[in-house]
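These notes concern the structure reproduced below.
The values are calculated or read from the model by the stated rules, or taken from the named source; none is laboratory data. The model shown is predicted, which means the values in this text are computed figures rather than measured ones. Here the Cβ positions follow ideal geometry from the backbone for every residue, glycine too, while neighbour counts run over all protein chains shown. Note: accessible area is taken over every heavy atom of the protein model, side chains too, but ligands, DNA and RNA are not part of it. Shrake-Rupley method; radii C 1.70, N 1.55, O 1.52, S 1.80 Å.
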Amino acid sequence: MDHDMKGMDHSQMDHMNMNSQDMEHHDMSNMDMSNMDMDMGDGHMMHMGNLKRKFWVSLILTIPVILMSPMMGVTLPFQVIFPGSDWIVAILGTILFFYGGMPFFSGAKAELQMKQPAMMTLIAMGIGVAYVYSIYAVIANNLFHVTPTVNNFFWELSTLIVIMLLGHWIEMNTVMNAGSAVEALGKLLPQEAHVLDENGKTTDVQLSDLQVGQLVAVRAGEQIPADATIISGNSDVNESLVTGESKAVKKAVGDAVIGGSVNGTGTFTAKVTGTGETGYLAQVMKLISDAKNAKSKSENLANKVAGWLFYAALFAGILAFIVWLTVANLAVALPVAVAVFVIACPHALGLAVPLVVSRSTAIAAQNGLLIRNRNAMEQVNQIKYALMDKTGTLTMGEFKVNHLVSLSDDLSDNDVLALMAGLENGSSHPLATGILTAAKTQNVTFTGASDTHQETGMGQFGTIDGTTYGVVAVNYLDQHQLAYDHDQFTTFAAEGNSISYLVAGDQVLGLVAQGDQIKPAAKQLIASLKHQGITPVMLTGDNQETANKVASNIGIDDVQARLLPEDKERLVQEYQHKGKVLFIGDGVNDAPSLTRADIGIAIGSGTDVAIESADIILVSSDPADVIQFLDLARATRRKMTENLWWGAGYNLIAIPLAAGVLAPVGFMLDPMVGAIIMSLSTIIVAINAMTLRIKNVKDVAQD
């Protein structure tokens, strides 16, 4: 069936949502969190169940430590100290150190191997120094009875371990990994292929055993098992999930087919040209994998702050030790240096970001946003370009009848629609689907045509109630010199419509103009992006004319058309040389770009592969939700920054005071003051996180 394709090159169109998934499939609340892993520091993975268990065991062990161990050398009113309590605390502290603290040492090892000390290294330094010095204090006080007594830091050690485990647990529960994009891509391929031997006998073999050069039979409705070339037969192939094309593409002898695409109603035999790493999907998988590896090198704000604190504490501690050893003695220098290292322990810093992430994720879920990578949110202020797919992202991804006109006095508009629907009944062509959908929506009854047949390049013909009708393209009218309104055709085509005419003999009875519909919020999204100083760019596999029409309607000036997945990802990288990039898409061909971009936003009605490649998922598939996300991301970033200042601010003040920078004027940091400041900073970051708010969706849309 060949309708008029002017204004819309369907062989190059963006993907329709042919495999849209109900978002209940992605319901994060139903995920088994016990089976999740978390990166504890540049590659050190911790199982969710282990993390949860470590937190609860460490919390139980910490309670008696708090009750029997002084806080920064100060015995609090509720604490109970008795003969032998130091040894009990030392035993519990040792268990805590090796059981609850070892994940941080593993993470610190990974950070140091990468020469990027950050949060794990800072924690490891704090608990390591606290433990070693505390064991020394217990031995010195109880075996050698030194005077004055040496303060231990088991209180700080235990609380830091528990708080940091809690912070990571909160973060893992709120920032959940929905799956693997690479695994989802693999599911596009069937498990078996029908291989033909030299005698024409068919044998089903595992896809992993398929080899280049073998002949495979592909039956109607099946997924094509591998990249291949047709040697006999013909069919229509739906390549939308792979290439982004929304039409069923006609395939005949000599044509190439792509593994993972879906065969139509025909059958054919094809010779395998690519399997494994040489196949098309394998190349897309590689693009995604490479993009993930490149993106994983980015460092979040909390780790940057922790890295700065690590160097600051290390420098201050060593300098304080040298200075006090010079002006006093080892008995004075060692406790001062240890105090500096222990005070640098990021109690508040450990909760500063996870609490904001938890609050932000809850707000996002209430507004139809699923956050899969909170690191991406931290980059929102640096975004310079918003690259986006067209079909399914800015448009509805389905054809809709925009104009239905009867050109005969004997037929109403509905009569024209009924006749067209009768001719198209049973066809899976996207334009035919649009006509049939319109008939169903308008409750138009129709009779299926008999003796249907196609005329290549012209249209579909058949008999209804004894009369032969045709749904044809405009070139059929031109070839047969049938009169029609050229101005009317030009007007509808200029809107980006594909136009089909209903004919009977030499009479033109009516026309239907169909086009993909722009989403209502698309124009609003583009205007908002421009207002925020972000340049919108359309990247599409569609033809240039249709892309330009959509772009002009919604206000996009920069349009790149006729793109393959690798072209989109390449363009993302090119724009990244100019500034941070946000990418919005919904199909398999968008997956590499979603992964490569600094922030990847997937339309919720898109494919599993796209969703699992993205940082953010728009559950309702509404472009306006991108505006909501940007507002939330900026508010979240602001709260993170505030909390990091509260958390790190304590350290910035306490570290130099503990080092004795004001000792020449007679001031040394009182342990009680240090304890109070540390507690207050932790409380403040918790309260500040809970005050995170964003505007209502409608309010944001009006700004």
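Values as computed for the structure displayed
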| quantity | calculated |
| --- | --- |
| Residue that is surrounded by the most Cβ atoms within 10 Å (Cβ to Cβ), among those in the stretch 49-89 that are of a type in the set (S, T, N, Q) and within 18 Å of ILE135 (Cα to Cα) | SER69 |
| Total residues in the stretch 308-343, condition crowded, with 24+ Cβ neighbours inside 10 Å and free of Cβ contacts under 8 Å to residues at least 12 places away in the same chain | 0 |
| Output for the stretch 551-605, where each listed residue is of a type in the set (Phe, Trp, Tyr) and either outside any strand (DSSP E or B) or open to solvent by 20 Å² or more (accessible area, probe 1.4 Å) (or both) | TYR575 |
| GLN544 vs. criteria open to solvent by 10 Å² or more (accessible area, probe 1.4 Å) and closer than 30 Å to PRO592 by Cβ | yes |
| Some residue of the stretch 450-460 being at pLDDT below 90 and within 38 Å of the chain's Cα centre (by Cα) | no |
| Failed item in (1) open to solvent by 50 Å² or more (accessible area, probe 1.4 Å); (2) among the aliphatic types (A, V, I, L, M); (3) at pLDDT below 90, with LEU160 passing the rest | (1) |
| Selection count, the stretch 356-377, where residues are more than 14 Å from the chain's Cα centre (by Cα) and of a type in the set (D, E, K, R) | 1 |
| Selected residue (criterion: farthest from ILE556 (Cα to Cα)) from residues of the stretch 426-446 that are open to solvent by 30 Å² or more (accessible area, probe 1.4 Å) and part of a helix (DSSP H, G or I) | LYS440 |
| Whichever residue in the stretch 389-408 is of a type in the set (Ser, Thr, Tyr) and buried (at least 21 other Cβ atoms within 10 Å of the Cβ) and, among such residues, is nearest to ILE554 (Cα to Cα) | THR395 |
| Meets criteria (open to solvent by 60 Å² or more (accessible area, probe 1.4 Å) and of a type in the set (A, V, I, L, M, F, W, C)) for PHE97 | no |
| LEU509 vs. criteria in contact (Cβ under 8 Å) with a residue 40 or more places away in the chain, surrounded by 14 or more Cβ atoms within 10 Å (Cβ to Cβ) and not in a helix (DSSP H, G or I) | yes |
| Every residue from the stretch 228-247 that is at pLDDT below 65 and not in a helix (DSSP H, G or I) | GLY244, GLU245, SER246, LYS247 |
| Residue in the stretch 19-27 that is of a type in the set (Asp, Glu), touching a helix residue (DSSP H, G or I) at 6+ places or on another chain (Cβ under 9 Å), at pLDDT 50 or above and part of a helix (DSSP H, G or I) present | no |
| Only listed residue being of a type in the set (A, V, I, L, M) and either over 15 Å from TRP87 (Cα atoms) or not in a helix (DSSP H, G or I) (or both), chosen from ILE135, ILE161, ILE139 | ILE161 |
| So VAL700, is it in contact with an Asp or Glu (Cβ under 8 Å, 6 or more places away or on another chain) and modelled with pLDDT under 70 | yes |
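For every residue, the table says whether it meets (1) within 24 Å of PRO70 (Cβ to Cβ); (2) part of a helix (DSSP H, G or I).
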{"site": "LYS115", "(1), (2)": "no, no"}
{"site": "THR121", "(1), (2)": "no, yes"}
{"site": "VAL146", "(1), (2)": "yes, no"}
{"site": "LEU157", "(1), (2)": "yes, yes"}
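Yes/no per residue for (1) modelled with pLDDT of 85 or more; (2) among the small types (Gly, Ala, Ser); (3) more than 34 Å from the chain's Cα centre (by Cα):
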position: GLY186; (1), (2), (3): no, yes, no
position: GLY200; (1), (2), (3): no, yes, yes
position: VAL205; (1), (2), (3): yes, no, yes
position: SER208; (1), (2), (3): no, yes, no
position: ARG219; (1), (2), (3): yes, no, yes
position: PRO225; (1), (2), (3): yes, no, no
